[in-house]
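The values are calculated or read from the model by the stated rules, or taken from the named source; none is laboratory data. Here the structure is a predicted model, which means the values were calculated and not measured. So basically every Cβ, Gly included, is an ideal-geometry build from the backbone, and we count neighbours across all protein chains shown.
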Amino acid sequence: MNKITPHLLRDLDTTLPSGTECYLRPSARKALTKHRKGRQPATFVSKERAVTLLAQRLGRGLKRFLIQELRAALPAEQACPPEKMA
């Protein structure tokens, strides 16, 4: 499990497009809600729209807090998958 530090939480709060919070992992979503003091967006965006928004605006190193299904749909994940250690 990835640890969500206060610095990463601030980055996630500033760079995460509004309406894409539902595509975060449960622990990241809970931490972000607590950081925002319970404020949630009124509407959520579709998965296709979320992929394009997140590919453009999500901060560096924050993709690991997204659910696996959405992470696999992002262009960077398709271009160069991580190598497995031998």
Which condition number in (1) modelled with pLDDT under 90; (2) surrounded by 10 or more Cβ atoms within 10 Å (Cβ to Cβ) is the one that residue 81 fails? (2)
Which condition does residue 18 not pass, out of (1) within 21 Å of residue 74 (Cβ to Cβ); (2) touching a residue at least 24 places away in the same chain (Cβ under 8 Å), if it passes all the others? (2)
Quick one: in segment 8-53, of everything that is part of a loop (DSSP other than H, G, I, E, B) and among the hydrophobic types (A, V, I, L, M, F, W, C), which residue is farthest from residue 69 (Cα to Cα)? 42
Under the condition of being closer than 13 Å to residue 63 by Cα and of a type in the set (Val, Ile, Thr), which residue from segment 10-33 is surrounded by the fewest Cβ atoms within 10 Å (Cβ to Cβ)? 15
What pairs come out if I take residues in segment 56-77 that are in contact (Cβ under 8 Å) with a residue 60 or more places away in the chain and pair them with residues that are outside any loop (DSSP other than H, G, I, E, B) whose C-beta lies under 6 Å away, six or more apart or interchain? 65/24; 65/28
Pairing a residue in segment 30-46 that is within 15 Å of residue 20 (Cβ to Cβ) and at pLDDT 85 or above with any residue that is outside any helix (DSSP H, G or I) and aliphatic (A, V, I, L, M), where Cβ atoms lie under 9 Å and the two sit 6 or more apart in sequence or on different chains, gives 32/4; 32/16; 32/24
